[in-house]
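Visitor: For reference, the structure I am asking about is given below.
Read the figures in this text as sums done on the coordinates, not as results from a lab. What you are looking at is a predicted structure, and each value in this text was computed from that prediction instead of being measured. Because the Cβ atoms are built from the backbone with ideal geometry, glycine has one as well, and the counts that use them run over all protein chains shown.
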Amino acid sequence: MPQWRRTGYMGSNIITSMAYMKGLWMECVWNSAGIYQCEIHRSTLALPQDMQAARALMTLSCISSILATALSSLGMECTRCIHRSPAKCALAVTGGGCFLTAGLLCLTAVSWTSSEVIRNFSNPVMPDGMKYEIGQAVYIGFISSAFSITGGVVLCLACGQAEKRFPYLTESIDAFQPPAPEYQPPAVVCKDNHTPSRCSASSSGYRLSDYV
């Protein structure tokens with residue numbers, strides 16, 4: 001999306017035949033006929049410092065968002081993967097942390113770009129033809145970073161209370177362990193070549209000593 005910066009209409013004549021837009025990866029020219037002509041940035045080092053930083057920050061933010069989506073999906077209770085396991089809560093918390101990281105990285109990139117655009121726009125020395133305004137991509141970045149940060153906070157707080165709401169998550173490991181066998185005293189064996197003693201039993205199951 002190249003609309004990170006767009007030309008500002010300065011002066012008395014606001015009707016122009018061409019408009020310029022500059023993004024992180026390309027810059028485009030739009031004419032009054034509705035035709036876009038875009039060109040990819042050939043050199044990264046030729047870009048301003050804020051755009052180089054925004055490139056790196058947005059790349060890391062996208063990677064963190066993809067990782068957060070995968071981990072959060074595995075950690076949700078509605079998924080069957082790692083069902084009834086304490087690891088689901090840990091995965092959800094990790095996904096929430098990745099969402100927070102992605103939101104903060106995106107917020108840093110769009111805030112830095114906005115600051116540079118406003119500073120250059122307010123510079124009286126810079127010619128009017130070189131001044132840019134904040135583009136639509138920056139506003140979308142602010143909104144997406146707010147959603148990412150909010151989602152990360154909700155995930156972390158919700159999983160922090162998982163033990164109270166779902167106690168079986170912490171007891172699931174013990175539930176699968178077999179119970180310990182009951183203790184049974186060893187049986188007394190009586191030899192046949194001795195006279196009946198106290199350990200002898202009648203055919204009915206009672207001891208002979210009970211009748212003495």
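Visitor: At a Förster distance of 25 Å, what's the computed FRET efficiency of residue 111 paired with residue 1, Cβ-Cβ distance as r, to 0.05?
Guide: Efficiency, rounded to the nearest 0.05: 0.90.
Visitor: What is the ratio of the Cα radius of gyration of region 47-168 to 2.2 N^0.38 Å, where N is its residue count, to two decimals?
Guide: 1.40
Visitor: What's the extension gain from residue 150 to residue 42 if we count 0.36 nm per residue and subtract their Cα-Cα distance?
Guide: On the way: separation 108, 0.36 × 108 = 38.88 nm, distance 3.66 nm.
Taking residue 150 through residue 42 to full extension adds about 35.2 nm, to one decimal.
Visitor: Could you list which residues have their amide H under 5 Å from that of residue 135, counting only those 5 or more apart in sequence or on another chain, with H placed in the peptide plane?
Guide: Under 5 Å from the amide H of residue 135: 5, 6.
Visitor: Per 0.36 nm of contour for each residue apart, how much would the distance between residue 31 and residue 87 grow if the chain were fully extended, relative to their Cα-Cα spacing?
Guide: Result for the pair: 14.6 nm of gain on full extension.
Visitor: Continuing with the same structure: Using a 7 Å offset from the Cα along the Cα-to-Cβ direction at both residue 60 and residue 120, what is the distance between the two label points in nm, to one decimal?
Guide: It works out to 2.3 nm between the two label points.
Visitor: Please give the contour-minus-distance gain from residue 140 to residue 18: 0.36 nm per residue of separation, less the Cα-Cα distance, rounded to one decimal in nm. List each step's numbers first, then the result.
Guide: Details: separation 122, 0.36 × 122 = 43.92 nm, distance 2.38 nm.
Full-extension gain reported as 41.5 nm.
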